[in-house]
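One structure is given here, and the rest of the page talks about it.
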Amino acid sequence: MQKVLVLNGPNLSRLGSREPDIYGSTNYEGLVSAVTDLGADLGLSVDVRQTDSEAELIGWLHEAVDNELDVVLNPAAFTHYSYAVRDAAVQVTKSGKKLIEVHLSNPHTREEFRHTSVISGVATGVIAGFGVTSYLLALSAIAN
C-alpha cells in the first residue's frame, strides 16, 4: 500500500472552533477520519499529522524525501512567508514525488497578505477553497 503524508501547519488542530465561517464546522478529528477513510478506499496508507512548529513540519518534509513519500501539505500561515518550509517542500518534488498544497479556504478571496504563497511555485499542484474536500481531491490526484 502506497504511504502518503498529510501534513498540517499551525492552528489546524483548532478546526471546528476557529472561525467556522471561514474554515467550516468539521473538527480536526473529522478531517483525519475523512482523509484516512478515502485514502483506504484509494489504496493509500495515509499518515495525518499536525504541528504548530515550523521545525517539526520541515522535519516531516525531510522524512517524506528520505522515504520517497508523496505529500498533501496544508502549510497554513507558513504558506505566506516560510522560505524554510518552501525549501523543504521543493526537495519533495525534486525527488520525483508529488507535493500538493491544499487550503480549506480560498486564500485569494481573503486578506491581501494571504494572496501570496511561497509554496505554490514548488508544489506539484494547488487545491483551495473546497473545505475538507480540498484534501480529498488531493488524495485522488495522488492515487491517479
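The values are calculated or read from the model by the stated rules, or taken from the named source; none is laboratory data. Worth saying up front: this structure is predicted, and the values here are computed from it rather than measured. So basically every Cβ, Gly included, is an ideal-geometry build from the backbone, and we count neighbours across all protein chains shown.
Annotations for the structure displayed:
- Residue count for segment 109-126, restricted to those that are under 15 Å from the mean Cα position of the chain (by Cα), farther than 23 Å from Asn67 by Cβ and not in a loop (DSSP other than H, G, I, E, B): 3.
- Some residue of segment 12-31 being touching a strand residue (DSSP E or B) at 6+ places or on another chain (Cβ under 6 Å) and modelled with pLDDT of 95 or more: no
- Looking only at segment 41-55, and only at residues there that are among the charged types (D, E, K, R) and farther than 17 Å from Lys98 by Cα, the one that is surrounded by the most Cβ atoms within 10 Å (Cβ to Cβ): Glu54
- Ala141 vs. criteria out of contact with any helix residue (DSSP H, G or I) (no Cβ under 9 Å at 6 or more places or on another chain), within 22 Å of Ala40 (Cβ to Cβ) and touching a residue at least 40 places away in the same chain (Cβ under 8 Å): yes
- Qualifying residue in segment 84-94 (condition: outside any helix (DSSP H, G or I) and either of a type in the set (A, V, I, L, M, F, W, C) or touching an Asp or Glu at 6+ places or on another chain (Cβ under 9 Å) (or both)): no
- Residues in segment 62-81 that are out of contact with any strand residue (DSSP E or B) (no Cβ under 9 Å at 6 or more places or on another chain) and either among the aromatic types (Phe, Trp, Tyr) or at pLDDT below 95 (or both): Ala77, Phe78, His80, Tyr81.
- Among residues of segment 91-108 that are farther than 11 Å from Asp70 by Cα and touching a residue at least 60 places away in the same chain (Cβ under 8 Å), those with a Cβ under 9 angstrom from a residue that is surrounded by 15 or more Cβ atoms within 10 Å (Cβ to Cβ) and aromatic (Phe, Trp, Tyr), sequence gap 6+ or separate chain, pair up as Leu104/Tyr23; Leu104/Phe130; Leu104/Tyr135; Ser105/Tyr23.
- Checking each residue in segment 109-133 for being in contact with a Leu (Cβ under 8 Å, 6 or more places away or on another chain), in contact (Cβ under 8 Å) with a residue 60 or more places away in the chain and of a type outside the set (A, V, I, L, M) picks out only Gly131.
- Within segment 32-77, tally of residues that are of a type outside the set (Asp, Glu) and not in a helix (DSSP H, G or I): 17
- When the residues of segment 68-126 are filtered to those that are of a type in the set (Gly, Ala, Ser) and under 18 Å from Ile142 (Cβ atoms), the one that is surrounded by the most Cβ atoms within 10 Å (Cβ to Cβ) is Ala89.
- Pair list, Cβ under 8 Å, 6 or more apart: segment 56-67 residue surrounded by fewer than 16 Cβ atoms within 10 Å (Cβ to Cβ), other residue part of a helix (DSSP H, G or I): His62/Ala88; His62/Gln91
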